[in-house]
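Colleague: Quick one: this structure, given as structure tokens, is what I'll be asking you about.
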Amino acid sequence: MDEVKLRVAFTPPDFHAKWNELICVVVDVLRASSTIVTLLENGCQQVYTLASASDSRALSRKQDYILAGERNGLTLPGFDMGNSPCEVLINDVAEKGVVLTTTNGTRVIKKVSGARKVLIGCFLNAQACCERALLLAREYKTGIGIICAAEKNAFVLDDAFCAGFLVEEILQIAGLNSINIELLDSAQAARRIYHGYPDILSAFRASNSGQRLLSIGREDDFRFCSNVDIFTSVPVLYQNSYFWCESL
Ligand code: MLT
């Protein structure tokens with residue numbers, strides 16, 4: 001069996017055109033990835049991720065979709081909810097469409113949307129997401145790229161730490177299934193970052209994104225996003241348009 005090559009883009013500029021042939025996993029653990037996974041896990045039908053707030057308003061108005069989003073962590077004026085997994089839990093999103101716009105995550109999704117497949121990963125769905133990425137990599141005979149959303153193109157610790165966790169998870173699943181993985185330098189580095197912290201909350205606390213969430217009073221999201229494998233939904237980008245849970 002051929003090896004599956006695994007690499008990490010710590011910032012969006014690390015994503016080059018040749019990554020388009022890969023199975024890509026977008027990680028914005030605090031919080032866009034965690035919000036999208038929580039939406040689909042709670043029965044939401046489709047999540048449209050848009051970079052612009054005004055385009056989001058227009059789409060939600062036209063289709064009667066729930067409007068969710070933030071800028072610099074704060075809910076945008078007139079929006080139904082923020083970019084918050086904990087807010088998803090107290091809203092009825094079942095069988096509804098949601099439009100989400102965020103400061104970094106939804107822009108990065110747009111950038112990688114031409115990839116072979118685009119998945120969303122975080123701690124909440126780590127195992128399910130890594131299993132799906134491996135399955136797709138073997139089906140399409142290609143590698144896997146984990147793309148960190150980062151912060152305005154600059155490295156962030158929380159995403160890099162989560163990427164390292166996903167690298168570890170992929171290695172474990174591959175080991176159990178006799179799949180060979182080649183870790184490119186970036187994946188090895190992410191793994192080192194993951195092992196540099198005693199636990200998830202310590203890494204979140206050390207990160208700028210984690211500190212910002214605490215400073216705006218969202219300790220609920222800060223803690224919720226650290227739960228590992230509580231969900232099995234794997235958002236997959238459909239026809240470059242919206243995320244949904246593709247059946248196997
Ligand atoms: C982002 O996309 O920039 C984040 O998810 C921001 C946040 O919700 O705090």
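The values are calculated or read from the model by the stated rules, or taken from the named source; none is laboratory data. Just so we're clear, the structure is a prediction, and the values are computed from it rather than from any experiment. All Cβ positions, glycine included, derive from the backbone under ideal geometry; neighbour counts span all protein chains shown. These area figures cover heavy atoms from the full protein model, side chains too; ligands, DNA and RNA do not enter into them. Shrake-Rupley method; radii C 1.70, N 1.55, O 1.52, S 1.80 Å.
Colleague: Could you do me a favour and compute the accessible area per residue for region 167-229, 1.4 Å probe, result in Å²?
Modeller: Result: 53 Å² per residue.
Colleague: Report, in whole Å, the centroid distance computed from the Cα atoms of region 7-55 and region 150-189.
Modeller: Measuring centre to centre over Cα atoms gives 16 Å.
Colleague: Between their Cα atoms, which of K96/K117; K111/K141; K117/K152; K96/K141 are more than 31 Å away from each other?
Modeller: Those over the limit are K96/K141.
Colleague: Under the rule of -39500 (n - 2.57) per DSSP H run of 4 or more residues, summed and divided by the residues of the chain, what mean residue ellipticity at 222 nm is obtained, to the nearest 500 deg cm²/dmol?
Modeller: So the calculated ellipticity at 222 nm is -12000 deg cm²/dmol.
Colleague: Please give every one of the aspartates and glutamates within straight-line cross-link reach of K110, meaning a C-alpha to C-alpha distance under 16 Å, and leave out same-chain neighbours fewer than 8 residues apart.
Modeller: D14, E21, D28, D55, E151
Colleague: Can you tell me what the convex hull of the Cα atoms of the chain projects to on average, as an area in nm²?
Modeller: That works out to 12.0 nm², a quarter of the Cα hull's surface.
Colleague: Separate question: Could you tell me the relative contact order of the chain? Use alpha-carbon pairs under 8 Å, at least six residues apart, and round to a whole percent.
Modeller: With pairs under 8 Å counted, the relative contact order is 34 percent.
Colleague: Also, quick follow-up: Would you kindly find the accessible area of Y48, with a 1.4 Å probe and non-protein molecules such as ligands, DNA and RNA excluded, rounding to the nearest 10 Å²?
Modeller: Number for this one is 30 Å².
Colleague: Pick out the long, greasy-scoring helices in the chain: whole DSSP H runs spanning 27 Å or more along their own axis by Cα, mean Kyte-Doolittle at least -1.0.
Modeller: TM-like helix candidates: 157-176.
Colleague: Calculated FRET efficiency, E246 and Q211, Cβ-Cβ r, R0 45 Å, to nearest 0.05?
Modeller: It comes out at approximately 0.80.
Colleague: Counting only protein heavy atoms, what percent of the accessible surface of the chain is carbon or sulfur at a 1.4 Å probe?
Modeller: With neighbouring chains kept in place, the figure for the chain is 46 percent.
Colleague: Follow-up. Which residue fluctuates most in the GNM of the chain (Cα springs below 10 Å): F123, F161, F79?
Modeller: Maximum among the listed residues: F79.
Colleague: Quick one: accessible area per residue over region 9-154, 1.4 Å probe, rounded to a whole number of Å²?
Modeller: The answer is 37 Å² per residue.
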